[in-house]
Amino acid sequence: MSDLLIELFSEEIPARMQTRAADDLKSRVTDGLVEAGLTYAGAAAFSTPRRLTLAIEGLLDASPIVREVRKGPRTDAPEKAIEGFLRGAGLTRDQLVERDEKKGRVFYAVIERPGRPAPAIIAEVLEQVIRNFPWPKSMRWGDGTLRWVRPLHSILCVLTSEAGSETVPLEIDGITAGNTTRGHRFLAPDVFSVTGFEDYAAKLKRARVILSASERSEAIWHDATNQAFASGLEVVADGGLLAEVAGLVEWPVVLMGEIGADFLALPPEVLQTSMREHQKFFSVKNPATGRIEKFITVANIETADNGATILAGNQKVLAARLSDAKFFWENDLRVARGPGLSVWTDKLADVTFHNKLGSQKDRIERIAALAREIAPAVGADPDLAEQAARVAKADLSSEMVYEFPELQGLMGRYYSDAAGLPPEVAAACQEHYSPLGPSDDVPTAPVSVAVALADKLDTLTGFWAIDEKPTGSKDPYALRRAALGVIRLVVTNSLRLPLTRIFAENSWSTDLLSFFHDRLKVFLKDDGIRHDVIDACLAMPGNDDLTLLINRARALQAVLDTEDGTNLVQGFKRANNILTQAEEKDGVEYSYGADVKYAEEDAEKALFAALDSAEETITPAMVDEDFATAMQAMAALRPAVDAFFTDVQVNADSPVLRRNRLNLLSRIRTICLQVADLTRLDG
C-alpha cells in the first residue's frame, strides 16, 4: 500500500472556482484509478488561490492480475471459426482448453492479464484529468496545447510507501512532474521538496500557506470577531463573503479599519453592500445602534507596520466608493421628499418589461388593480394595497438601485418612509418580492401579502397569456419560483384564494392551474406527502383553492400513515373492483337500495351500522372542511370492511342478496369518495 500526493500549482485560481475544482480533481482521479484497478482507502482534496491538492491514502501498489475465461466454438467447428476465436483471445491453439459439454467438446480460452504498476496508471490517469479538466473558463499560454484556468507552473506527484517516496514519471506540455512546490508568493517564494502529505502540509504552513480552505475561513472569522469584540462591536455574519475571501488568500491577515464619519449616516445595508461587492470587506456594527461603524479586510501578507499601510490604502479607496453611494442616497432622498415616488414610477413607462407585455409602468397598473382585487381575501385595506402596488417598484428608477440592483425593495422602503407614506406601504415596498426562495421569509402583513401575490400572479398570468411557459429545465422568467412563491404566501397565511377567479375564463387557465398543481407536489414533497395522495385530492372539487387542497392532502397522508388507513384503502379498492366488474357485467349501476333487512350475516349487519355511523360523522365534517375528522371516521371503517370480506360472499346465489350486497359496496365507495378519490392512490 502507498500514499499518493498530487499538487497542481498555477497562477491565481478565481475563488468561486476553487471548491468545485478540488472536488472535480478528487472525483476524476479516484474514478480513473479505480477503473484501472487501483483501489484506495481514503482521499481528500484541498484548494488555495494557487494550488489544487489531492491526497490519497492506502493505494494499491499495482492493479491485480485479471483472469478471464471465454467460451469458444466446438472442437469440430470450421477452421475459420476457430482461427477467429484465437485472434480475439490473442492465444495460440495449444493454449486453448477443451471441455466436455452436452453438445460435444468445446474450446475455452483462459486469458490472464498481468497487473500494472501504480506509477504507470497514475501518470496515465492524471494526464487525462489535467488535459480534460472541466474548468468553467480556461486559457492557453505559450506554444503548448494545454488549457488551464490560469497558467500551470508545476505538477507535484509523489508516491510514498514504507520503502520511501518516489516521483511519478509524467510530462505534460513541457511540465515535468516532480517532488517540489513553493510557499507563499511573497513571504516564502522559494522551492522546497516534500516526501508525502504530512511533510507537504507542515512545510506549507511554515512557508505561510494554510492548505485547508475551512481552516483559513475559521482563522479569518476568529481573528475578525476577536478584533471587533475588543472594540465593543460585532462582525456582520456573511458566509458567502467568508468563503470567497478564504479563496483569495493563502495566509490570511485580518485588519480592522475605520469608515469615514461622513458616511456613517448611510443606511447600513448600503454600507454593507458597497463594501462587500466592491472591496470584499466585512461590515462591523455597533450592536447597540445597529449602525455600521468599521470594516474588516483580509490581507494576504504580513507587513512591518502591522498592516497600517494596507489599511490606509483600503480606507482611501473605500472613501471614494462611499462618496458615490452618499451622492446617490442624497439625490434619491431629494426626489422622495420633494416631487415624490411618482416621478420614478413615471420613468418606468420607458422601461420595457417584455415586448408582448408592455412597459414596467403598464405592469404596475396591472399589479395595482390585482392587489386591490385580492386585498379583501387577505385582510388588507384595498386603498392601501393599491397605493403600495403603485410605488413598490418606484425605486427601480433610483440612482442607488441602479448602482446596487440587489437593494431593490429595501431602498423602496427607505424612500417610502422619506416620502411620508404609510408604514404598511413602506413594508410592502420591501417585502413584495418575497419569498424569493425556499429559505426566504414569507410576508405576513396583509398589504405586503396582497402586493406580493399580485406581483407573482401578474407574472404568471402574463407569460401564460403570451405562451411563454417553462420548458424542460429552461425557465428564463423564473415562473416556477413565482408559483412556489404564491403557494408559500397562501399556505403561510392560510389564505382562501381560489385561483380560477383570478385567471378568469381564458384558454390557458386550466394549463396554468395544472402548473400550480405540479409546483404544489414539489412543495409538499418535503412534508412527506406522496404525489398520488395529492392526485387523490386534486380530483375533488375546489382544487383551485390551495389551502383547502393542502389541508385535505395532509389529512389523507396522516390517515394513510396508519395501519387502519392503509388497510381501509385496500378494502375500498377491493369493493370498488368487485362493484365495477359487476356493473360492467350486468349493465346496471349499483348505487342505491342497500337495505339492512336483507342482511343475513353478522358481519354484513355490522357493516351497515359502521357505514351509518361513519356517514353521520363524515358528512358534516366535510361541510366544515374538517378533513382530519372525516378521514379518521373513514379509517374507522376498516374492521367492519375487513370482517365483511372475510365472512360474506358478495356474489351470492340469491339475486336479492347479491344485489343488496353490491349496493352495500356502493355505499363504501360513495362514503370514501366524499373524502378523496382513493382510486388514484398507488398500490
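Structure notes:
- Of the candidates VAL209, VAL270, VAL254, the single residue that is of a type in the set (Val, Ile, Thr), in a strand (DSSP E or B) and touching a residue at least 24 places away in the same chain (Cβ under 8 Å) is VAL254.
- Taking segment 572-606 as the range and being out of contact with any Cys (no Cβ under 8 Å at 6 or more places or on another chain), under 30 Å from LEU549 (Cα atoms) and part of a helix (DSSP H, G or I) as the test, the residues that pass are LYS573, ARG574, ALA575, ASN576, ASN577, ILE578, LEU579, THR580.
- Among the numbered conditions (1) aromatic (Phe, Trp, Tyr); (2) part of a helix (DSSP H, G or I); (3) under 32 Å from the mean Cα position of the chain (by Cα), the only one that PHE327 does not meet is (3).
- Scanning segment 158-176 for residues that are surrounded by 15 or more Cβ atoms within 10 Å (Cβ to Cβ) and either over 13 Å from ILE6 (Cα atoms) or without any contact (Cβ under 8 Å) to a residue 40 or more places away in the chain (or both) turns up SER165, THR167, ILE172, ASP173, ILE175.
- Looking across GLU83, GLU98, one residue alone is more than 42 Å from the chain's Cα centre (by Cα) and free of Cβ contacts under 8 Å to residues at least 12 places away in the same chain. It is GLU83.
- Of the residues making up segment 277-300, just one is more than 14 Å from GLY257 (Cβ to Cβ) and part of a strand (DSSP E or B), namely LYS285.
- Of the candidates ARG87, ARG67, ARG93, ARG131, the single residue that is surrounded by 11 or more Cβ atoms within 10 Å (Cβ to Cβ), basic (Lys, Arg) and on the phi < 0 side of the Ramachandran plot is ARG131.
- Residues that are among the acidic types (Asp, Glu) and surrounded by 17 or more Cβ atoms within 10 Å (Cβ to Cβ), drawn from segment 471-485: none
- Failed item, numbered, when VAL449 is tested on (1) in contact with a Lys or Arg (Cβ under 6 Å, 6 or more places away or on another chain); (2) crowded, with 16+ Cβ neighbours inside 10 Å: (1)
- Boolean, ARG216 is part of a loop (DSSP other than H, G, I, E, B), modelled with pLDDT of 95 or more and crowded, with 17+ Cβ neighbours inside 10 Å: no
- Any pair with Cβ under 6 angstrom, 6 or more apart, that starts in segment 400-422 at a residue that is modelled with pLDDT under 95 and ends at one that is part of a helix (DSSP H, G or I) and of a type outside the set (A, V, I, L, M, F, W, C): PHE404/THR273
- Segment 235-271, residues that are over 24 Å from THR309 (Cα atoms) and either charged (D, E, K, R) or surrounded by fewer than 16 Cβ atoms within 10 Å (Cβ to Cβ) (or both): ALA237, ASP238, GLY239, GLY240, ALA265, GLU269
- Screening ALA428, ALA454 for residues that are touching a His at 6+ places or on another chain (Cβ under 9 Å), buried (at least 24 other Cβ atoms within 10 Å of the Cβ) and in contact (Cβ under 8 Å) with a residue 12 or more places away in the chain leaves exactly one candidate, ALA454.
- Verdict on LEU512 being touching a residue at least 24 places away in the same chain (Cβ under 8 Å), closer than 21 Å to PRO438 by Cβ and assigned to a helix (DSSP H, G or I): no
- Yes/no for ASP467 being assigned by TED's automatic domain parsing to the domain that holds LEU357 and either of a type in the set (Phe, Trp, Tyr) or in contact (Cβ under 8 Å) with a residue 40 or more places away in the chain (or both): yes
- Residue list for segment 30-52, filter: under 14 Å from PHE133 (Cα atoms) and over 27 Å from the mean Cα position of the chain (by Cα): GLY32
- If the condition is being over 13 Å from ARG552 (Cβ atoms) and surrounded by fewer than 19 Cβ atoms within 10 Å (Cβ to Cβ), then segment 609-623 contributes ALA609, ASP612, SER613, GLU615, GLU616, THR617, THR619, PRO620, VAL623.
The values are calculated or read from the model by the stated rules, or taken from the named source; none is laboratory data. These numbers come from a predicted model, not from an experiment. So basically every Cβ, Gly included, is an ideal-geometry build from the backbone, and we count neighbours across all protein chains shown.
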